[in-house]
Each structure stands twice: as C-alpha cells, then as structure tokens.
Amino acid sequence: MPAPLRLRRATLSLITLLGGVSLAVIPAATVSISSRLFTVDEQGFLAVAVLVATFVGQLTFAIVVESRLSSAATERRVVFPLWLAAVSILTAFVLAIVPPNALALAIGLPILIAALEVGRGVSVAERLDRREIAASVAVGLGALVGVLAGFAGQTWALIPLVVGIAAATIVRSLPVTHRPSRPEPAVMGWVVADTAITGVIYPLLNAMILTFLGSADAVLFTSIATVSGLLAIPLNFMRLRLLKEHSRLDIAVSAASVLAAVAALLVLELVGAFGFIFGPAWTESATIVPLLLACAWRAASLATTIPFAALRRAGEVRLLTGLRAAVSALTFVFAAAGLALDDLAAVFLGLLVAELASAVVYEVARRRRLARTIREAADADAGAGAGADA
C-alpha cells in the first residue's frame, strides 16, 4: 500500500477509534445523571442495570455482527438491522417524554446500548468511517449536554442523552451497498454461547457487590469499571479489525491509544474530575488503587485479543467456547475471592490476574493450532509428492 494511502487509512482508523469514546461515555453519563436524579438505592439498582444492559448489548452484537465475522465460509459482511434501529428510536422517544423513572430507564438501557454496540460494530468492521464519526459526535454531544444538565439539577437531563443515541442510530442505519452474509448456524451458536458465558460475569459480580457491600460500593464498582472501560475502546476496535484480517498497523494504533488513555485517566483522577462527575460515590472512597488495577486489567486484554482473534479467524469457535468457559470460571473465582476480602481493589486485582492467565491460555492454544496447521500442510505436501513419484 502506498505511503500516503496508508497514512490516510491510519488517520481514519485513529479518528474512528477515538469515536468509541461516545459508546463508553453512555454508561458513565447514565451513572452521573442518575446520581443527581435518583435516591441512593435507585442508583445502586441502576448501577447493576447498566452492566446488565452492557451484557445484553454484547449478546446482541455477537448474534448480529460477530457471528457473521466469524463465519469463515462466507464473505463476512455485516449491516445494521433496521428492526433494531426502529426499536431503539422508539425506546429513546418514550424515555424522552416520560418523567425520570429508574425502572423505565433500566428497561430501556439494554435496547439503547444494544443498538449502539451493533451500530458501531458494523461501522468499524465495514470501515464506514465518515458515518461513524458523525454518529459518535451525536452520541458525545447528547451525553455532554445531559451530564451538564444533571450538574445544574435539571430533571430533563436524560433527554439529551437519549436524543443523541437516537440521532446516532439514524445515521448508522443509512443504506449501504452490500448485503449481510448469512452466519453459519453452528458458528452463531458457539459465538453466542461464549459471549454469554463471558459477559454474564460482570453483572453477576456487581449484583453480589450490591448484596454484600451495599449500594455505594455497587455504584463505585460500576463507575470505576466504566471509567477504565475507556481502555476497552481501542481494544474492541482492534478486535473488530483483527476479526476481519490481521493488521500490525491497527495493533500499533490500538496499543498506543491504550497507553495514552491510561495517562489521561490518571490525570483526570488526580485533578478530581471523576469525583465531580460521579459525586459522593467516588469522593467518599479511596479510588486511586482500584482505578490503577482496573486500568491494568483492561490493558492486559491487549495480550488476550491478538491470539483470540487469530483463533476466531481460523474458525475455531468450538475451541474458543471451551476456553472462554474455563477463563470465565477462573475470572469469577478470582474476583469473588477479592469480594470475600471486602475490598474493591482486591476484586480488580482478581480480574487482572485472571486476564493475564487468559492471555497465556489463548496464546498456547493459538500456537498449538498453528503447529497443527503446519504439520497438516507438510503431510499434504508429502502425500502429493508420493503420488507424483508413483
């Protein structure tokens, strides 16, 4: 690829990657606005609801997008389903016209976040960069106005948030020239299964925190997980691109972005920005150590994503489901051990240790798969040579 074209492609990739901030700020903006509109108990309920909504979004993404990207026998093309766009826009309209209500918000969040997850995933995978930039701006502006309105004590603070999501959904649902590939049914089943196994850990863990440690710690766990989730933006971007094809450029851009994001989060913590955004749940607790451990946990996914994506591209969905089940069990055990110590820092330390162990597991599996492929190719060449001699 010529150098100017490579530079242009890298620039668009970086802008699209940064647009992922808009997806990450929705949970943070929801928690921030909720802290100004609802009681402490309602905030704890919504803290769990945010993670449940994220899980539903991941599951929908697996069905609509990832199952197609993992179907090696197809063209692996994806589009944003119009039915999901319509349901999301209707949900945003309802939330905009009803008075602030924690239960209504908890019900609507899974639909809104599912549309955001799928819409962004399609745009990144199909390299619809200009469209994605416009959608990200709409979401970001809506979240910013909503949070500022929450600071001012306005009861309509949720309206800009949901309107921004609706606007982004409309942009992402514009027509495209290609048709979606049909996912292989077996592949879809395995992909959805391993996504469900992995994703259910975090809402379950936060429900346990809410039960055993109380609403304040549940809100704080969601807040720290959401803040460190900014690091997941370049990681998810890299994962989507690597599911299509291996790219050293995208790996380099993503790794550099992770380091920059860690530095930015530490600066924001030191100047007190997160205490201002999240309110008493943040300011009344020691957060620097849990935040550092949460950032290390997210960053460790760099080592996990590369072998994981390589196995997905190779069509090893059954193997990955088994590995993900083992890794999820390991993650839950380590995180629960931290919870038993009655310390959120210990919970994030458990998640970090589990992520590092996962990276080793995936890399070993990738190398074994590569060795088997080389061995099979050598056997095939030997058989062809023997046939030629005969």
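All of the numbers you see were taken from the coordinates with simple rules; none came from a lab. Predicted, not measured: the structure shown is a model, and the values here were computed from it. Every residue, glycine as well, gets a Cβ built from its backbone with ideal geometry; the counts of neighbours run over all protein chains shown.
Helix-only arithmetic for the chain: the sum of -39500 (n - 2.57) across DSSP H runs with n ≥ 4, divided by the residue total, places the mean residue ellipticity at 222 nm at -27500 deg cm²/dmol. Under the convention that each Lys and Arg Cβ holds +1 and each Asp and Glu Cβ holds -1, the size of the dipole of the chain around its Cα centre is about 1300 debye. Mind checking which of ILE197, LEU23, GLY108 is farthest towards the positive end of the chain's charge dipole, using Cβ charges of +1 (Lys, Arg) and -1 (Asp, Glu) about the Cα centre? Farthest towards the positive end: LEU23. Taking the Cα atoms of region 65-223, the ratio Rg/Rh between the radius of gyration and the Kirkwood radius comes to 1.02.
Averaging Cα coordinates gives a centre for region 168-183 and one for region 253-294; these two points are 35 Å apart. Positive end of the dipole of the chain (Cβ unit charges, origin at the Cα centre): among PHE348, VAL64, LEU148, the Cα lying farthest that way belongs to VAL64. A simple rule links phi to the HN-Hα coupling: the Karplus curve 6.51 cos²θ - 1.76 cosθ + 1.60 with θ = phi - 60°, which for region 298-314 gives 5, 5, 4, 5, 4, 6, 8, 5, 5, x, 4, 5, 4, 5, 5, 4, 7 Hz, with x for Gly and Pro.
Summary of packing: across the peptides 323-333, 306-316, the per-residue average of other C-beta atoms within 10 Å ranks them, highest first, as 306-316, 323-333.
Kirkwood analysis of region 252-390, using all unique Cα-Cα pairs, places the hydrodynamic radius at 18.0 Å. Comparing mean-square fluctuations of PRO110, PRO183, PRO280 from a GNM of the chain with C-alpha springs under 10 Å, the top value falls on PRO280. Across the options VAL139, GLY121, ALA216, the greatest Cα extent toward the positive end of the charge dipole of region 18-376 (unit charges at beta carbon of Lys, Arg, Asp, Glu) belongs to GLY121. Pairwise Cα separations in region 126-174 fall into 10 Å bins from 0 onward with the following percentages, short to long: 31, 43, 20, 6, 0.
For region 18-376, the Kirkwood hydrodynamic radius comes to 20.6 Å, computed from all pairs of different C-alpha atoms. Normalising by residue count, region 148-208 has a Cα convex hull of 138 Å³ per residue. Only Cα pairs under 8 Å and 6+ residues apart enter the sum, and on that basis the relative contact order of region 18-376 stands at 22 percent.
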